[in-house]
């Protein structure tokens, strides 16, 4: 910030200083030229043609320096065929006229014909009354005074702009220091969080950094939730594995005759619990990326083909919009639809109907609704909430661990979705209503 400020200050001051220098120098030179032109006009007005055809001054110029040799101000009148008539201040010197016919308008220029005295000169050609000769009137003045004025102006400009540059640099430094000071206070607040164990930034900070503080506190809250979820999942997994391990330990201690069957049953239960929590962990990790985009129809068709091999006598129908994409990873969507469609085929009467992107009751366009219906016995209203608990099963006559719906609910909620149960109006069995976030399309 300081380097950028210094660079811009330097560029702007140099540009402004150059422009101001040219303006002031041109103003001083124009004022100097106007004085020369005034003397030239007075010289022409005082000139007349004498009896011998030469130019005479019927009244002398008021500036006495024209009478003092080498005074620094000079005039000279020249005409073709006539001798040059110089002012007494030229003494034994003459002015070199740049043009034999300079024109009726004054012409200003610098001259170095006197090695030790640079001159500023003005020429003009005039035809006087009673004369056919074109007379050239030249007035010159030493540039010493003009150059001294320009030097003084430039000295004032340099020192003024130098002081201004230093002041602007100091101001930019103070502005950067004061402007960035809230960030240092945020850094100190974060350091206190790390050293004291507090979990939020509560220090009173300026309004400008409040959005940063809010986002930081939101990040800390998110990290806390993730840590709490991890602790909860670890505790749930430990609790879920405790009972099978106890059964296995008791069976081994008692040397039970059916130990092989017990080991197979309990290890299968433990494996299902591990799969459940791994599915949750994967979903949480993938959700953090926020870039999931999955075709709903592709996942549903892949699950249908897999379940058809397990239940070849079941009829599957998939209807609805085929171009819908949901904001969930493909593997997690396959896990959810696989559990729901497999349950519908397992507990239904032979028909499973899947509707993609069904109509929502609340009309929320950001969410996508999927219906999975079967023609089975359904689930009573009183049991529809309990069935989502881990290990809950209503039909114990069929193989399973009771974790499928629990996995579906947990993974769907991780992505911001929901799962509810109802009664199918068309098939008469169970209706599973799965709601998942739709992919947000970014316009143009």
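Values quoted throughout were computed directly from the atomic coordinates according to the rules given, and no laboratory measurement underlies them. Because the structure is predicted, anything quoted here is derived from the model rather than measured. Glycine gets a Cβ as well: all are built from the backbone with ideal geometry, and neighbour counts include every protein chain shown.
Projected over every direction and averaged, the convex hull enclosing the alpha-carbon atoms of the range 2-148 yields 11.1 nm². The angle separating the long axis of helix 330-347 from the principal Cα axis of greatest extent in the chain is about 20 degrees. Measuring nothing but how far apart in sequence close Cα pairs (under 8 Å, 6+ apart) lie, relative to its length, the range 42-165 scores a relative contact order of 21 percent. By DSSP, the beta bridges lying fully in the chain are antiparallel in about 90 percent of cases. At a threshold of 8 angstrom on Cα-Cα distance, excluding pairs fewer than six apart, so keeping six or more, what relative contact order does the chain reach in percent? Answer for the chain is 10 percent. With the simple model of a label 7 Å out from the Cα in the direction of the Cβ, residue 154 to residue 187 spans 4.6 nm. For the range 135-177, the residues whose amide N sits under 11 Å from a probe point set 7 Å from the Cα of residue 110 along the beta carbon direction are 143-144, 147. Per-residue ellipticity at 222 nm, computed for the chain from helices alone with -39500 (n - 2.57) per DSSP H run of at least four residues, works out to -17500 deg cm²/dmol.
Between 0 and 90 degrees, the angle of helix 210-254 with respect to the longest Cα principal axis of the chain falls at about 20 degrees. What the Cβ-Cβ distance of residue 130 and residue 67 gives, at R0 = 25 Å and to the nearest 0.05, is a FRET efficiency of 0.35. List 295, 176 from most exposed to least, where exposure is judged by having the fewest other Cβ atoms within 10 Å. So the ranking, lowest neighbour count to highest, is 176, 295. Taken over the Cα atoms of the range 294-437, the convex hull encloses 104 Å³ per residue.
Cβ crowding within 10 Å ranks 75, 371 as 371, 75, fewest other Cβ atoms first. Potential lengthening of the chain between residue 8 and residue 207 amounts to 68.8 nm, from the contour at 0.36 nm per residue minus the alpha-carbon distance. A full extension of the chain between residue 46 and residue 222 corresponds to an added length of 53.6 nm, given 0.36 nm per residue minus the alpha carbon distance. Taking the number of Cβ atoms within 10 Å of each Cβ as an exposure proxy, the fewest-first ranking of 273, 222 is 222, 273.
Label-to-label distance, residue 98 versus residue 250, with points set 7 angstrom from Cα along the beta-carbon direction: 12.0 nm. Report, in degrees rounded to the nearest 10, the 0 to 90 angle that the Cα long axis of helix 259-287 makes with the longest principal axis of the chain. In the chain, helix 259-287 runs at an angle near 20 degrees to the longest axis.
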